[in-house]
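Take a look at the structure set out below.
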Amino acid sequence: MAVTTRLAWLHEKTLQNHFGGKRLSLLYKGSVHGFCSGDLLDRCYNQGPTLTVIYGEHRIIGAYAKKSYQERKAASIILFALQETKISEWELGLCTPERLFCHDNVKYNSTTNFQIELRNRKVIMGSKTTEDLGLVQNCTISIQDCEVFRCEDLLDERKIKGVTELRKSLLSALRTYEPYGSLVPQIRILLLGPVGAGKSSFFNSVRSVFQGHVTHQALVGTNRTGKYRTYFIRDGKDGQYLPFILCDSLGLGEKEGGLCRDDIFYILNGNIRDRYQFNPMESIKLSHHDYIDSPSLKDRIHCVAFVFDVNSIEHFSSQMIEKIRRLRRELINAGVVHVALLTHVDSMDLITKGDLIEIDRCVPLRSKLEEVQRKLGFALSDISVVSNYSSEWELDPVKDVLILSALRRMLWAADDFLEDLPLEKQVDVFGGVEA
């Protein structure tokens with residue numbers, strides 16, 4: 001049976017981030033391996049930096065060793081106390097592991113100010129140490145359990161290699177992608193969402209990945225031009241256009257602000273040309289020179305991606321929630337497939353790059369996905385997360401994998417849309433029959 005830590009996820013992430021973004025691998029657990037300093041040291045000698053966590057009745061304290069414990073050799077020790085997500089620390093200085101863990105009956109030394117007596121299930125510390133750690137004036141703490149972790153880099157060589165190989169595989173799959181049944185030469189994906197959600201940034205990020213360097217073709221922030229844009233993307237590898245087009249528009253506003261509802265459906269049906277200047281007060285006139293009378297299937301939108309800032313979901317007004325839910329109902333009735341894209345995930349509290357590799361195991365991200373499902377009605381399998389490029393100078397393989405994975409999910413959804421169309425007569429899904 002696997003030995004598991006007693007640390008709550010929030011406490012583990014707080015410790016990971018505080019001590020340099022490390023992954024914690026459990027080496028020793030007192031309640032399983034026995035409260036004996038000899039057993040602890042046998043398991044923890046020569047293991048690299050380690051983190052010892054002591055669970056008291058009402059508090060968590062511990063010791064961080066910057067280098068490996070080695071027999072009879074002093075190591076630099078930092079003591080800490082953890083309360084919720086706040087850590088206070090005090091530098092103990094050089095101390096041998098035998099003295100720290102009271103091995104071979106090494107007695108408590110008042111100059112050391114700290115000692116872990118596993119056999120007696122207690123921690124003794126001086127009043128100065130207690131004060132510096134922000135604890136109440138009780139110089140002895142009863143040990144309920146004790147755990148020691150090896151501190152490893154979150155992205156070790158094996159994980160970096162795996163991410164790099166996945167990035168290469170995704171790039172190859174997307175470059176050679178062909179829309180279902182070759183019904184259209186390129187898939188059109190409409191990015192739809194509130195102002196500032198990251199729609200333009202997502203396009204810039206996709207383009208950056210395929211160009212091989214960070215680019216900022218689209219203005220970011222508020223669709224400052226107020227125009228409908230259809231972005232064709234060239235592959236930096238061979239200069240050929242890629243088999244998808246990303247379409248950007250005005251953001252969705254509260255109540256009557258932002259993109260007009262009727263304009264959304266004109267876009268979906270392929271009636272609006274690239275660079276059409278939106279009027280937030282009224283939809284496009286049928287007589288406008290940017291209105292396309294008889295769009296073909298290749299002009300239409302084949303997948304809608306709702307883009308949301310992951311940090312703003314909890315602050316959505318009831319009007320915005322109802323607007324998005326109503327839009328989704330209308331898309332479903334029209335047979336248009338749609339997915340959700342959560343941006344800015346790297347800005348969430350306690351999220352590390354290592355979490356972005358293992359999204360399914362990240363508690364805060366999973367909570368956000370469930371919130372989107374609960375509030376807006378998206379299936380969990382239809383929600384992707386990304387970390388867009390904004391101020392970076394260089395590409396990051398972890399970000400690239402998230403961006404490419406989200407794009408792949410959109411193309412899969414578009415294939416579902418095309419497959420569902422009657423092949424003998426490609427019906428205009430928003431009324432009328434294609435000429």
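Tabulated data
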read-out	value
So S201, is it buried (at least 19 other Cβ atoms within 10 Å of the Cβ) and small (G, A, S)	yes
Search result, residues across segment 140-162 that are modelled with pLDDT under 90 and open to solvent by less than 50 Å² (accessible area, probe 1.4 Å)	I141, E152, L154, L155, D156, K159, G162
Number of the exception - N120 against (1) assigned to a strand (DSSP E or B); (2) at pLDDT 90 or above	(1)
Index of the failed condition, F210 passing every other in (1) more than 20 Å from the chain's Cα centre (by Cα); (2) surrounded by fewer than 18 Cβ atoms within 10 Å (Cβ to Cβ); (3) in a helix (DSSP H, G or I); (4) in contact (Cβ under 8 Å) with a residue 24 or more places away in the chain	(2)
Any chance R167 is surrounded by 16 or more Cβ atoms within 10 Å (Cβ to Cβ) and either farther than 20 Å from Q211 by Cβ or not assigned by the TED database to the domain that holds R43 (or both)	yes
Residue list for segment 259-276, restricted to those being free of Cβ contacts under 8 Å to residues at least 24 places away in the same chain and more than 33 Å from the chain's Cα centre (by Cα)	D262
Leading residue by the ranking (modelled with the lowest pLDDT) among those in segment 1-17 that are of a type in the set (D, E, K, R) and open to solvent by 20 Å² or more (accessible area, probe 1.4 Å)	E12
Segment 395-413: number of residues that are open to solvent by 40 Å² or more (accessible area, probe 1.4 Å), more than 27 Å from R23 (Cβ to Cβ) and in contact with a helix residue (DSSP H, G or I) (Cβ under 9 Å, 6 or more places away or on another chain)	2
Positions within segment 172-196 being part of a helix (DSSP H, G or I) and surrounded by fewer than 17 Cβ atoms within 10 Å (Cβ to Cβ), in sequence order	S172, A173, R175, G181, S182
Residues that are part of a helix (DSSP H, G or I) and either of a type in the set (D, E) or crowded, with 20+ Cβ neighbours inside 10 Å (or both), drawn from segment 243-264	D262, D263, I264
Restricting segment 300-335 to residues that are touching an Asp or Glu at 6+ places or on another chain (Cβ under 8 Å) and polar (S, T, N, Q), the residue that is surrounded by the most Cβ atoms within 10 Å (Cβ to Cβ)	Q319
Check on G270, buried (at least 17 other Cβ atoms within 10 Å of the Cβ) and not acidic (D, E)	yes
Segment 18-59 - residue that is surrounded by fewer than 16 Cβ atoms within 10 Å (Cβ to Cβ) and under 28 Å from the mean Cα position of the chain (by Cα) and, of those, farthest from L135 (Cα to Cα)	S25
Residue count, segment 374-394 (criterion: open to solvent by 80 Å² or more (accessible area, probe 1.4 Å) and closer than 19 Å to V337 by Cβ)	1
Residue that is farthest from Q319 (Cα to Cα), among those in segment 201-216 that are at pLDDT 90 or above and hydroxyl-bearing (S, T, Y)	S208
Neighbours by Cβ (under 8 Å, 6+ apart or cross-chain): first from segment 351-367, more than 16 Å from E157 (Cα to Cα); second in a loop (DSSP other than H, G, I, E, B) and open to solvent by 60 Å² or more (accessible area, probe 1.4 Å)	P364/D349
Residue check, E358 open to solvent by less than 60 Å² (accessible area, probe 1.4 Å) and assigned by the TED database to the domain that holds F203	no
The lone exception for L297 - which of (1) touching a Leu at 6+ places or on another chain (Cβ under 9 Å); (2) open to solvent by 20 Å² or more (accessible area, probe 1.4 Å) it fails	(2)
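The values are calculated or read from the model by the stated rules, or taken from the named source; none is laboratory data. Keep in mind it's a predicted model, so treat the numbers as computed, not measured. Counting neighbours? That spans all protein chains shown, and the Cβs are built from the backbone with ideal geometry, glycine included. Heads up: the accessible areas ignore ligands, DNA and RNA and are worked out on the full protein's heavy atoms, side chains in. Shrake-Rupley method; radii C 1.70, N 1.55, O 1.52, S 1.80 Å.
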